[in-house]
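Q: I have a structure here, written as structure tokens, and I will follow up with some questions on it.
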Amino acid sequence: MSKIPIFDTHAHLDREEFDSDRKSLLRRLESGTCPGGLVPDELAGYEIEMTGVVIPAVDAVSSRKCVGLAAQRENFFPAVGIHPNHTHLATEEDWRTVAELAEQDGVVAVGETGLDRYWDDAPIKTQIEFLYRHLALSRKIQKPVLVHCRDAWDDLLPVIRTIKNLTVQNTAAKDTAARLCIGVIHAFSGTAEQALECIEHGWMISFAGSLTYRNAKFAPLWEAAKQIPLDRLLIETDSPFMVPHPLRGKLQRNEPVLAALVVKRLSELRNEPLAMTAAAANKNAERIFRK
């Protein structure tokens, strides 16, 4: 049986959706077992090996919870931050909490931050202010930042163009991608052109369950997946959200093991052997988050 290494770079395992069966979830992660006993045809004949999970926060409370949860398992890695849709509720004390937690040795990234016009819960001006705060914190502590962008590319790209000086300079790294990584555009939803511009400015691109969806409206996303250099690719689930095809509609909740469906689709779109794509995505995540 062929083994697929999976490093889920974005899973909200601290959320209440996992409270009732977190122990069984952890057992599934250890064994590489799909939830609900469902094994999609796409994964038949493969053994899933979970090598790591990044657990990002959305506010000060969840930042503390993510740090605590990650401390319980060797391959869990917390990120702390304030989600754009929570910025209008954040106090200065909340930000101090995030900034203090971010400096802890076990915390691997800053975020989830970013911009969101889909829900538009917070004024875009407030979202941008907090995005810059996260970016500055990232530079200060030399840890990558996790960025969310939904229906806000016209707002995000101008920010990205102005922050080259925020690049995390990992001088010990031998390859360019590691030396220049600012952070990750998580659950990427843009075009090939937008992805390549982000890469030019030092970002990694992470694909989630949306890459597996067969609706024609996702064609620009499929094209982006084909064009991104192999050393800039990451995979994620954004659990509990974005259940991938063919389990979409069959499961109420996503789990990190199902990132295997994302990398399977990624390899198909890129016309690469699954082993090659999975190994590259895993190596990229290890390089960035397991320092």
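The values are calculated or read from the model by the stated rules, or taken from the named source; none is laboratory data. Quick caveat, the model's predicted, so the values are computed rather than measured. Cβ coordinates were reconstructed from backbone atoms using ideal geometry, including for glycine residues, and neighbour counts include every protein chain displayed.
Q: Give the stretch 262-291 a look and list any residue that's buried (at least 17 other Cβ atoms within 10 Å of the Cβ), touching a residue at least 60 places away in the same chain (Cβ under 8 Å) and closer than 16 Å to GLY52 by Cα, or say none.
A: VAL263, ALA278, ALA281, ASN282, ASN284, ALA285, ARG287, ILE288, PHE289
Q: Looking at (1) out of contact with any helix residue (DSSP H, G or I) (no Cβ under 6 Å at 6 or more places or on another chain); (2) more than 27 Å from GLY68 (Cα to Cα), which is the only condition THR126 fails?
A: With respect to (1) out of contact with any helix residue (DSSP H, G or I) (no Cβ under 6 Å at 6 or more places or on another chain); (2) more than 27 Å from GLY68 (Cα to Cα), THR126 is out only on (1).
Q: Just give me the residues in the stretch 234-261 being over 12 Å from PRO35 (Cβ atoms) and surrounded by fewer than 21 Cβ atoms within 10 Å (Cβ to Cβ), in sequence order.
A: Of everything in the stretch 234-261, those that are over 12 Å from PRO35 (Cβ atoms) and surrounded by fewer than 21 Cβ atoms within 10 Å (Cβ to Cβ) turn out to be PHE241, MET242, HIS245, PRO246, ARG248, GLY249.
Q: Moving on to the next point. Take the residues of the stretch 205-220 that are surrounded by fewer than 21 Cβ atoms within 10 Å (Cβ to Cβ) and aliphatic (A, V, I, L, M): which is nearest to THR191 (Cα to Cα)?
A: ALA219
Q: Within the set of pairs 6+ apart or on separate chains, which have a first residue in the stretch 56-71 that is more than 20 Å from HIS88 (Cβ to Cβ), a second that is β-branched (Val, Ile, Thr) and assigned to a helix (DSSP H, G or I), and C-beta atoms under 8 Å apart?
A: From the stretch 56-71, the pairs are ARG64/THR97.
Q: Considering only residues of the stretch 253-281 that are assigned to a loop (DSSP other than H, G, I, E, B) and out of contact with any Leu (no Cβ under 9 Å at 6 or more places or on another chain), which is nearest to SER210 (Cα to Cα)?
A: ARG253
Q: Also, I was wondering about something else. Within the set of pairs 6+ apart or on separate chains, which have a first residue in the stretch 7-27 that is farther than 23 Å from ARG290 by Cβ, a second that is buried (at least 16 other Cβ atoms within 10 Å of the Cβ) and basic (Lys, Arg), and C-beta atoms under 6 Å apart?
A: Final answer for the pair search is GLU17/ARG253.
Q: A follow-up question, please. For the structure I just gave you, tell me whether VAL243 is of a type in the set (A, V, I, L, M) and part of a strand (DSSP E or B).
A: no
Q: With ARG139, ARG133 as the choices, which residue is over 21 Å from GLU236 (Cα atoms), part of a helix (DSSP H, G or I) and at pLDDT below 95?
A: Within the list ARG139, ARG133, the selection yields ARG139.
Q: Would you mind finding the one in LEU233, LEU251 that is in contact with a helix residue (DSSP H, G or I) (Cβ under 7 Å, 6 or more places away or on another chain) and closer than 21 Å to ALA109 by Cα?
A: Just one listed residue meets the conditions, LEU233.
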